[in-house]
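Have a look at the structure below before the remarks.
The values are calculated or read from the model by the stated rules, or taken from the named source; none is laboratory data. Bear in mind that the values here come from a model prediction, so they are computed numbers and not experimental data. Glycine gets a Cβ as well: all are built from the backbone with ideal geometry, and neighbour counts include every protein chain shown.
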Amino acid sequence: MNDVAIIGVGLHPFGRFEGKSAMQMGVDAIFAAVADAGVEWRDIQFATGGSWTVANPDAIVAMVGLSGIPFTNVFNACATAASALKTCADGIRLGDYDIGIAIGLDKHPRGAFTEDPALVGMPSWYAENGQYLTTQFFGMKANRYLHDHQISPATLAKVAAKNFRNGAMNPNAFRRTPMSEEQILGSAMLNYPLTQYMFCAPDEGAAAVVMCNADIAHRYTTKPVYVRAVEVRTRRYGAYEVNTTFAPVEEDVAPTVYAARAAFEKAGIAPDDVDVVQLQDTDAGAELIHMAECGFCAHGEQEKMLADGDTEIGGRLPVNTDGGLIANGEPIGASGLRQIHELVRQLRGEAGDRQVSGTPRVGFAQLYGAPGTAAATVVTR
């Protein structure tokens, strides 16, 4: 089995770009990644790609070069990008290829994820009047979690304010204006306890990651970042979080727990070893919950951690240093590769004003995709 190194990352800014297609954004991300890796498109031996809005992201080869390479499309809800990353890394790890690229791209309309409500069995009006899962379900989930673990709703505002501050230092972020905790708490209540600015927004963007057999990484870079593990897990009792249920909630554990445990075990790394973290913050409550599910704290400890500044860029466990989904928004296919882009920049010491001190050595990324698929990735210098 081969070790896998990341040698190049590329990102198209996240936001709104009228007149520019998701595929065009993907092209920009690809060329940025191959340039960062010091290679040409013709050097890429295979590709994987994922998107919610583009059914055939493999067609992007017509725009970057018809080289005849194998291209595998993946879709796994919000875990799509990690699935593309894993598929690409496994092709190298198994020895089928020496160098490949993972690509994610999307262009979502404004509002809730309504472009294909039938995909999860919902009529369009369900999303249009604010009852889709990014508001109603996550509000109920956060409310239950805060109640069970005696966490104040004000802590949710601390999460969002932190991510807006980090996003203000990120030239590629969608929302780049800091917001105070008071502004966030005072914004429109969407689904209690989550206000308008505690949610991310669907938007547009693309990201790409070039990987190679670690044995040849020195040909391209003096700062390789190694992919130690990418693990994807689902629930054991069914997808009750969206439409249906096959077991009481108490009988199951969140898939994030399974994915994180598997990734740490495969990497031979413990949560305490991690220096910088990227978590799926579809809403501020999700970041709190995923902190505990990934093993970075016990349930209920998050309030003190936020109050003490532990998850700030200068804290002992920086979380979402680029602003996360709350500042960047979420083009589903690209979101997880944005996380990897940030971790690579951090581990290389290239994150500018967002740089974690001491040049971190271990990074961790987590994604959660409805109806119950989670992914966890461990990367190291």
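Yes/no per residue for (1) in contact with a helix residue (DSSP H, G or I) (Cβ under 9 Å, 6 or more places away or on another chain); (2) modelled with pLDDT under 95; (3) on the phi > 0 side of the Ramachandran plot; (4) surrounded by fewer than 19 Cβ atoms within 10 Å (Cβ to Cβ):
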site: Ala239; (1), (2), (3), (4): no, yes, no, yes
site: Asn243; (1), (2), (3), (4): yes, yes, no, yes
site: Val253; (1), (2), (3), (4): yes, yes, no, yes
site: Thr256; (1), (2), (3), (4): yes, yes, no, no
site: Val276; (1), (2), (3), (4): yes, no, no, no
site: Thr282; (1), (2), (3), (4): yes, yes, no, no
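A Cβ distance below 6 Å, combined with a sequence gap of six or more or placement on separate chains, defines the contacts here; from the range 156-182, residues that are touching a residue at least 24 places away in the same chain (Cβ under 8 Å) and buried (at least 19 other Cβ atoms within 10 Å of the Cβ) reach residues that are among the hydroxyl-bearing types (Ser, Thr, Tyr) and part of a helix (DSSP H, G or I) in the pairs Ala160/Tyr197. Selection over the range 14-53 of residues that are touching a Phe, Trp or Tyr at 6+ places or on another chain (Cβ under 8 Å), outside any helix (DSSP H, G or I) and over 18 Å from Lys86 (Cα atoms) gives a count of 5. The residue of the range 68-106 that is farthest from Ala29 (Cα to Cα), among those that are at pLDDT below 95 and in a strand (DSSP E or B), is Asn76.
Listed by first and then second residue, the pairs linking a residue in the range 199-225 that is assigned to a helix (DSSP H, G or I) to a residue that is small (Gly, Ala, Ser), with Cβ atoms under 7 Å apart and 6 or more places separating them unless they lie on different chains, are Ala214/Ala5; Ala217/Ala5. Out of the range 187-208, which residues are touching a Ser or Thr at 6+ places or on another chain (Cβ under 7 Å) and not aliphatic (A, V, I, L, M)? Across the range 187-208, the qualifying residues are Ser187, Asn191, Thr195, Gln196, Tyr197, Phe199, Cys200. Leu190 meets the conditions (1) crowded, with 18+ Cβ neighbours inside 10 Å; (2) under 20 Å from Tyr368 (Cβ atoms); (3) of a type outside the set (D, E, K, R); (4) modelled with pLDDT of 95 or more in every case but one. The failed one is (4). Taking residues in the range 63-89 that are on the phi > 0 side of the Ramachandran plot, and partners anywhere that are assigned to a helix (DSSP H, G or I) and not β-branched (Val, Ile, Thr), the pairs with Cβ atoms closer than 8 Å and at least 6 places apart or on different chains are Gly65/Trp41; Gly65/Arg42.
From the list Thr48, Thr53, which residue is in contact with a Cys (Cβ under 6 Å, 6 or more places away or on another chain) and touching a residue at least 40 places away in the same chain (Cβ under 8 Å)? Step through it out loud before you land on a result.
On the way: Thr53 fails: in contact with a Cys (Cβ under 6 Å, 6 or more places away or on another chain).
Just one listed residue meets the conditions, Thr48.
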